[in-house]
Amino acid sequence: MSNSGIVYRPRRLRATPRMRRLVAENRLHAADLVLPLFVKEGVTAPVPISSMPGQVQHTEESLRDAVADAARAGLGGVMLFGVPAVRDAVGSQADAPDGVLQRAIRIAREAIAEVEGATGRPGPVVMADTCLDEFTDHGHCGVLVSTGSTTGAGSTGGGGSTSGGGSTSGGGPTDSAGGGVEVDNDATLERYAAMAVAQARAGAEVVAPSGMMDGQVAVIRDALDDAGFTGVSILAYSAKYASPFYGPFREAVDSALQGDRRTYQMDAANGREGLREADLDLAEGADMVMVKPAGSYLDVLRGVADRSDVPVAAYQVSGEYAMIEAAAANGWIDRRASVLESVLGIKRAGADIILTYWATEIADWIKEA
Ligand code: PBG
């Protein structure tokens with residue numbers, strides 16, 4: 001036989017579906033996937049979210065069904081967001097015992113218990129977003145403090161250099177929360193603590209602070225423990241970047257955000273800072289850490305995964321969903337293959353847990369495969 005001189009032929013391991021399946025380095029499991037769900041107060045039918053085709057703002061009844069479907073699909077978790085009928089400056093409904101999110105948590109727990117009873121298999125863990133933006137009338141993730149129009153930071157930075165503030169924003173309401181106001185870090189922490197405890201009381205197994213306030217994990221841990229909820233876990237949105245990919249989410253929660261979130265969410269330019277944020281959350285007692293969005297921050301995800309001894313999650317956000325749905329609807333990309341590749345890429349980059357709006361659908365595809 002003539003020798004071609006080629007010793008290594010990697011194509012051997014790609015030659016058949018059997019072989020490709022055998023040598024796959026990463027696989028998606030339903031149990032790795034977490035489905036985010038929106039529940040809207042006071043609606044009698046689910047409201048489609050136009051910028052997220054296929055997703056809706058649920059009624060309590062349709063939430064029950066969606067959670068049961070998620071349970072039957074074998075998902076690892078559901079992440080609940082509430083859309084309240086009434087908003088105010090401090091987000092009072094966020095910790096109201098009968099607020100929309102607390103009600104949703106109870107319903108989700110019930111639906112899961114039912115499916116678990118019927119199937120004998122563990123259902124999804126119930127997680128709740130712990131953040132005020134859905135509940136405030138100004139749409140920010142915390143309570144505002146007036147800084148005067150020229151001095152810049154409130155309690156978040158201790159000086160104009162860190163937070164921007166009204167005077168340095170070039171006149172627009174973009175660097176601060178708008179009109180010389182800023183999100184007050186420490187006052188917001190008290191609200192998060194109350195919210196986390198209300199969620200735990202309602203039955204949340206995991207609370208997920210997503211507001212990027214300094215010290216939020218430690219304060220929530222303290223509050224949960226003081227209230228007797230030592231067993232409730234914290235999934236920290238640790239490296240959460242200020243991103244246009246949250247755009248469709250605004251519609252999903254009816255948020256009319258004034259200004260932007262750049263004084264508390266991170267700058268896309270900064271990777272090392274994302275690792276530092278994760279380190280701080282780990283030191284404060286986070287049980288799990290998260291990187292968000294996922295697709296544009298796979299390097300940060302890999303970095304966090306390499307240094308974290310706790311499970312690492314990634315959130316494939318609303319805009320990532322919308323992009324693939326829009327391109328697929330136009331026939332420009334193959335929908336299923338693109339969804340699977342986008343999620344597998346997140347797993348390959350180091351995510352143990354993936355939040356994705358396609359979770360239930362992907363779980364069904366995996367069963368077929
Ligand atoms: C904050 C929160 C947001 C998302 C999840 N939690 C919005 C934001 O921080 O601006 C975005 C999720 C998505 O876009 O899919 N409550």
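The values are calculated or read from the model by the stated rules, or taken from the named source; none is laboratory data. The shown structure was predicted, so the numbers you read here are calculated from the model rather than taken from an experiment. Glycine also receives a Cβ, built like all others from the backbone with ideal geometry; neighbour counts cover every protein chain displayed.
Odds and ends about this structure:
- Residue within segment 122-136 that is outside any loop (DSSP other than H, G, I, E, B), out of contact with any strand residue (DSSP E or B) (no Cβ under 8 Å at 6 or more places or on another chain) and surrounded by fewer than 19 Cβ atoms within 10 Å (Cβ to Cβ) present: no
- Contact annotation: residue pairs with Cβ atoms under 8 Å, 6 or more positions apart or on different chains, pairing a residue in segment 343-367 that is assigned by TED's automatic domain parsing to the domain that holds GLU325 and among the aromatic types (Phe, Trp, Tyr) with a partner that is part of a helix (DSSP H, G or I) and within 16 Å of the ligand (Cβ to nearest atom), are TYR357/SER318; TYR357/TYR321; TRP358/TYR321; TRP358/VAL339; TRP358/VAL343.
- Residue list for segment 312-334, filter: small (Gly, Ala, Ser), surrounded by fewer than 17 Cβ atoms within 10 Å (Cβ to Cβ) and away from the ligand (no atom under 16 Å from the Cβ): ALA327, ALA329, GLY331
- Residues in segment 190-235 that are within 16 Å of the ligand (Cβ to nearest atom) and at positive phi: MET212 alone.
- Pick from segment 289-311, criterion surrounded by fewer than 24 Cβ atoms within 10 Å (Cβ to Cβ) and of a type in the set (A, V, I, L, M, F, W, C), ranking: nearest to the ligand (Cβ to nearest atom): LEU298
- Within segment 40-76, being in contact with a Phe, Trp or Tyr (Cβ under 7 Å, 6 or more places away or on another chain) and assigned to a strand (DSSP E or B) holds for GLN57, HIS58.
- Residues in segment 236-261 that are modelled with pLDDT of 95 or more and touching a Pro at 6+ places or on another chain (Cβ under 8 Å) were compared, and the one that is surrounded by the most Cβ atoms within 10 Å (Cβ to Cβ) is ALA236.
- Hey, VAL310 modelled with pLDDT of 95 or more, part of a loop (DSSP other than H, G, I, E, B), over 23 Å from GLY139 (Cα atoms) and among the β-branched types (Val, Ile, Thr) or not: yes
- Yes/no for ALA305 being small (Gly, Ala, Ser) and closer than 27 Å to HIS29 by Cα: yes
- If you go through segment 88-115 and keep only what is under 23 Å from ASP184 (Cα atoms) and within 13 Å of the ligand (Cβ to nearest atom), you end up with GLY91, ALA94.
- Any chance ALA269 is over 15 Å from the mean Cα position of the chain (by Cα), in a loop (DSSP other than H, G, I, E, B), away from the ligand (no atom under 16 Å from the Cβ) and in the same structural domain as ALA305 (by TED's automatic domain parsing): yes
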